[in-house]
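Here is the structure we will look at, set down as structure tokens.
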Amino acid sequence: MKPETVEFLTAGLRPLSCRSCGTCVLVKKNSMQHTSIQWTSDASRSCPVFAEQKASGAQTALLDTCGNLSESIEIALKDGLLEVPE
């Protein structure tokens with residue numbers, strides 16, 4: 001991968017742990033509506049919500065995130081740990 005592609009894909013990502021299960025992901029708020037999430041581990045092994053979905057036969061690749069992680073991101077935003085670019 002070209003260096004500029006890597007920079008585009010990773011710039012601004014910040015580590016964030018889910019307040020519910022502790023799973024660490026990389027997060028970037030691109031706007032109030034758009035959040036980029038990079039999983040740093042196998043979500044179906046580290047996140048109980050994804051594990052439950054996988055156990056029930058659901059396709060976890062189609063899940064963006066879980067409600068607990070979304071809530072953790074919102075709290076981090078309110079606490080100033082994440083920023084939304086102008």
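The values are calculated or read from the model by the stated rules, or taken from the named source; none is laboratory data. What you see is a predicted model; the values in this text were computed from it and never measured. Note that we place each Cβ from the backbone using ideal geometry, even for glycine, and neighbour counts take in every protein chain shown. All accessible areas refer to the heavy atoms of the entire protein, side chains included, with ligands and DNA or RNA removed. Shrake-Rupley method; radii C 1.70, N 1.55, O 1.52, S 1.80 Å.
Hey, if we sort ARG14, ARG45 by accessible area with the 1.4 Å probe, largest down, what's the order?
Per-residue accessible area, sorted high to low, gives ARG45, ARG14.
Give the accessible surface of the chain per residue, rounded to a whole number of Å², with probe radius 1.4 Å and ligands, DNA and RNA excluded.
70
Please compute the contact order of the chain in relative form: average sequence separation of alpha-carbon pairs under 8 Å and at least six residues apart, divided by the residue count, as a percent.
Here the relative contact order equals 26 percent.
Based on the Cβ-Cβ distance of HIS34 and ALA55, what FRET efficiency does E = 1/(1 + (r/R0)^6) give at R0 = 25 Å, to the nearest 0.05?
Here the calculated transfer efficiency is 0.25.
How much mean residue ellipticity at 222 nm does the chain get from its helices, if each DSSP H run of length 4 or more adds -39500 (n - 2.57) and you divide by all residues, to the nearest 500 deg cm²/dmol?
That comes out to -10000 deg cm²/dmol.
Taking every pair of Cα atoms in the chain, average 1/r, invert it to obtain the Kirkwood radius, and report Rg/Rh to two decimals.
Across the chain, the Cα-based Rg/Rh ratio is 0.99.
So, with +1 on the Cβ of K and R and -1 on the Cβ of D and E, and no other charges, what is the size of the charge dipole of the chain about its Cα centre, to the nearest 20 debye?
Dipole of the chain, to the nearest 20 debye: 180 debye.
Could you sort GLU86, GLU74 by their accessible area in this structure, using a 1.4 Å probe and putting the largest first?
Ranked from most to least accessible, the order is GLU86, GLU74.
Quick one: with all protein chains in place, what share of the accessible area of segment 13-61 is carbon or sulfur, to the nearest percent (1.4 Å probe)?
Carbon plus sulfur share of accessible area: 46 percent.
Taking all protein chains together and a probe of 1.4 Å, list LEU63, LEU69 from the most accessible to the least accessible.
If we order LEU63, LEU69 from most to least accessible, we get LEU63, LEU69.
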